[in-house]
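Visitor: Just passing along the structure, written as structure tokens.
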Amino acid sequence: FQMILFLYLSILSILLCSVSGTAHKLSVVQDVKFGKRDSARLEEEVQQCSAPLKQWSASEHKDVYRVGVLAIRGFDAAYREFNTTFADYLTATAGTSFDRPVRFELKPLNFTSLFTDTEEVEVDFIYVNPSAFSCIESEFGANSLVSQISLRKVGGKSFDLTQFGGVIFSRADSGVSTIEDIKDKSVACASISGLGSGQMQFRLMQQSGLSYINDPKQMVFTSNQGKVVNGVLDGTFDIGFVRTDQIERTKDANGNLVDASKLKIIEPQKNLFNDGIPFPFQSSTELYAEWNVAALTHVADDVAKEVQNAMLDLANHAEVGAVLNACYSNLNCDLGSSGFASQIACKEECHDQITLNCDQKIPLAILANKAKAEGKYTGWRTTLSYMELRNMQEETGFIQRTKT
């Protein structure tokens, strides 16, 4: 009897493990593949999944939060690339987490207004380059929430990168081969406050015993890294400073990619890794963390937390949106030739075929996918450390401790 009982329990255990494993596999598959859904059950799951709304307080919260975006390509480009992310998407996610919904707006900033608006509390969150963040954090205080996972498409390949470096380069036929050769040469970079096209390279010069102010024959700030690349190619400048991957994606006056073989990288670093994977571009400098989103110190913790969660979730929502857009395209929903009675009926066919997690909604998925595409990023990750940036800026004199 004991032997029979033992065998029975063993078989039952195996069956339970098998069922559990199958259920787990199904739940994973349903996240990304099509499958008929029970709308009533889905609605029930949404209710179970939804967290209670946080209480809005006039003493702690605002009706409108502004995200200051450093507009390195101009204000129009900032709206075009990031308004969906920082206005529409955050309003639809973090903004609906309170019992009195709040709204998010994008405010484009230049290098001057970034600091004045931060000091005068005209913005609540900032999306800036790491160099600017380090200055803001040091001068006014700020808490980094997430770091960007950049999407770089070069030579038919795509790379998801959380770090970038700085390149020192010259024409391939020049006599420049070391950092010391920068002395008495004309040099171009984007700006004195730029990181990948300025400060990273200034640090290398300083470590090699050179002054970026006194030793070059001329230091030209172009405000545009593409102009740096083309200026070196046409002989306007002897040496250029740009961020990694800039050379590979720069176009000439005719709209064609420049010939990178006509340029050479000065003293490229060896064995550079990004999240454990060999870094795909040559860099003269070490790698530094990508752009980030930070909350200024006057922002309530619960609002900052909701923004952080929304940014971390964006890629998952966008993945569902990409599946839906692919279905719309396959069925020709937007072309009026789908064979369905209406565009709505066509899209509902796609909606009925996809299984959503309880925190996912179709309009939000489409919105997140649009935000990701316009912003040209893969997603966002928990914040990286920006301490080495501060070390670099202290070393080069861009940040100085006030004597008390």
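Visitor: Long-range amide H contacts for residue 219: which residues qualify at under 5 Å (H placed 1.01 Å from N, peptide plane, sequence gap of 5 or more or a different chain)?
Guide: Answer set, sorted by chain and number: 187.
Visitor: Something else: Which value in nm describes the separation of the simple spin-label points at residue 252 and residue 159, placed 7 Å from the Cα toward the beta carbon?
Guide: 2.4 nm
Visitor: What percent does the relative contact order of the chain come to when contacts are Cα pairs within less than 8 Å and at least six residues apart?
Guide: Answer for the chain is 24 percent.
Visitor: Roughly how many whole Å is it from the C-alpha centroid of the stretch 269-325 to that of the stretch 226-255?
Guide: About 27 Å separates the Cα centre of the stretch 269-325 from the one of the stretch 226-255.
Visitor: Would you mind checking which residues have amide H under 5 Å from residue 103's amide H? H placed 1.01 Å from N; only 5 or more apart, or other chain.
Guide: It is 64, 65, by chain and number.
Visitor: Kirkwood hydrodynamic radius, computed over distinct alpha-carbon pairs, for the stretch 332-400: how many Å, to one decimal?
Guide: The answer is 16.5 Å.
Visitor: Please compute the length gained on full extension between residue 351 and residue 286, using 0.36 nm multiplied by the number of residues separating them and subtracting their Cα-Cα distance.
Guide: Full extension of this stretch gives 18.8 nm more.
Visitor: To continue, here is another question. Which distance in nm do the two modelled labels at residue 51 and residue 112 give, with both placed 7 Å along the Cα-to-Cβ direction?
Guide: With each label placed 7 Å out from Cα toward Cβ, I get 4.1 nm.
Visitor: Could you rank the peptides 60-69, 310-319 by their average count of other C-beta atoms within 10 Å per residue, with the highest value first?
Guide: Taking the mean over residues of other Cβ atoms within 10 Å, the ranking is 310-319, 60-69.
Visitor: Stretch residue 184-residue 326 to full length: gain in nm at 0.36 nm per residue minus the Cα-Cα span?
Guide: Working it through step by step, the gained length comes to 45.6 nm.
Visitor: Right, here's the next one. Placing +1 at every Lys and Arg Cβ and -1 at every Asp and Glu Cβ, with all other atoms neutral, what dipole size does the chain have around its Cα centre, in debye to the nearest 20?
Guide: 740 debye
Visitor: Once the other residues with Cβ under 15 Å from the Cβ of residue 60 are scored (Lys, Arg +1; Asp, Glu -1), what is the net sum?
Guide: Here the charged neighbours net out to -2.
Visitor: With θ taken as phi - 60° and the coefficients 6.51, -1.76 and 1.60, list the Karplus ³J(HN,Hα) couplings across the stretch 276-293 in order, rounded to whole Hz; mark glycine and proline as x.
Guide: Ordered by residue, 3J(HN,Hα) equals x, 10, x, 5, x, 10, 6, 9, 7, 10, 5, 8, 10, 4, 6, 4, 9, 10 Hz.
Visitor: Any idea which of 52, 167, 190 is furthest toward the positive side of the dipole for the chain, if Lys and Arg beta-carbons carry +1 and Asp and Glu beta-carbons -1?
Guide: 167
Visitor: Mark the label point 7 Å from the Cα of residue 269 along Cα→Cβ and return the residues of the stretch 111-139 whose backbone N is within less than 16 Å of it.
Guide: Taking a point 7 Å out along Cα→Cβ of residue 269, the residues of the stretch 111-139 whose backbone N falls under 16 Å are 130-131.
Visitor: Calculated from DSSP H runs of 4 or more alone, at -39500 (n - 2.57) each and per residue, what is the 222 nm mean residue ellipticity of the chain, nearest 500?
Guide: -12000 deg cm²/dmol
Visitor: Which value results when the Cα radius of gyration for the stretch 88-187 is divided by 2.2 N^0.38 Å?
Guide: 1.59
Visitor: Moving to a separate point now. Once you list every other residue whose beta carbon is under 11 Å from the beta carbon of residue 364, what net charge do they have if Lys and Arg are +1 and Asp and Glu are -1?
Guide: For residues surrounding residue 364, the net value is -1.
Visitor: Quick one: how many Å² of residue 217 are accessible to a 1.4 Å probe, rounded to 10?
Guide: 140 Å²
Visitor: Using label points projected 7 Å from each Cα along Cα→Cβ, tell me how many nm separate residue 376 and residue 77, to one decimal.
Guide: Label-label distance for residue 376 and residue 77, simple model: 0.7 nm.
Visitor: If you stretched the chain out fully between residue 343 and residue 96, how much longer would it get, using 0.36 nm times the residue separation minus the C-alpha to C-alpha distance?
Guide: 86.0 nm
Visitor: Take the chain, compute every pairwise Cα distance, and split them into 10 Å bins from 0; I just need the percent in each bin.
Guide: All Cα pairs, binned at 10 Å, distribute as 4, 18, 25, 22, 15, 9, 4, 1, 0, 0 percent.
Visitor: Positive end of the dipole of the chain, charges at C-beta (+1 Lys, Arg; -1 Asp, Glu), about the Cα centre: which of 85, 321, 298 has its Cα farthest in that direction?
Guide: Farthest towards the positive pole: 321.
Visitor: Taking θ = phi - 60°, what integer Hz values does the Karplus form 6.51 cos²θ - 1.76 cosθ + 1.60 yield along the stretch 296-302, in sequence order, with x for Gly and Pro?
Guide: Going residue by residue, I get 6, 5, 7, 7, 4, 4, 5 Hz, with x marking Gly and Pro.
Visitor: Report the local net charge at residue 253: Lys and Arg +1, Asp and Glu -1, summed over other residues whose C-beta lies under 13 Å from its C-beta.
Guide: Computed value for this residue: 0.
Visitor: Would you mind getting the Kirkwood hydrodynamic radius of the stretch 126-166 from its Cα pairs, rounded to one decimal in Å?
Guide: 12.1 Å
Visitor: Please report the carbon-and-sulfur percent of the accessible area for the chain; probe 1.4 Å, protein heavy atoms only, DNA, RNA and ligands left out.
Guide: 52 percent
Visitor: Taking N as the number of residues in the stretch 296-358, what is its alpha-carbon radius of gyration divided by 2.2 N^0.38 Å?
Guide: The value comes to 1.64.
Visitor: Sorted by average packing, counted as other Cβ atoms within 10 angstrom per residue and highest first, what order do 360-368, 161-169 take?
Guide: Highest-to-lowest ranking by the protection proxy: 161-169, 360-368.
Visitor: Quick one: which residues, 5 or more positions from residue 145 or on another chain, have an amide H under 5 Å from its amide H? H modelled 1.01 Å from N in the peptide plane, none for Pro or chain starts.
Guide: Residues meeting the criterion, in which the H sits 1.01 Å from N, are 293, 294, 295.
Visitor: Mind checking the alpha-carbon convex hull of the stretch 72-134 and giving the volume per residue in Å³?
Guide: 94 Å³
Visitor: State in Å² the accessible area per residue of the chain; use a 1.4 Å probe, count heavy atoms of protein chains only, and round to the nearest integer.
Guide: I get 52 Å² per residue for this part.
Visitor: What order do you get for 116-125, 266-275, 191-200 when each peptide is scored by the mean count of other beta carbon atoms within 10 Å, highest first?
Guide: Ranked by mean Cβ neighbours within 10 Å, highest first: 191-200, 116-125, 266-275.
The values are calculated or read from the model by the stated rules, or taken from the named source; none is laboratory data. Everything numeric here is computed off the predicted structure, so don't read it as measured data. Every residue, glycine among them, receives a Cβ derived from its backbone with ideal geometry; neighbour counts consider all protein chains shown. Protein only, heavy atoms only, side chains kept; ligands, DNA and RNA dropped before computing areas. Shrake-Rupley method; radii C 1.70, N 1.55, O 1.52, S 1.80 Å.
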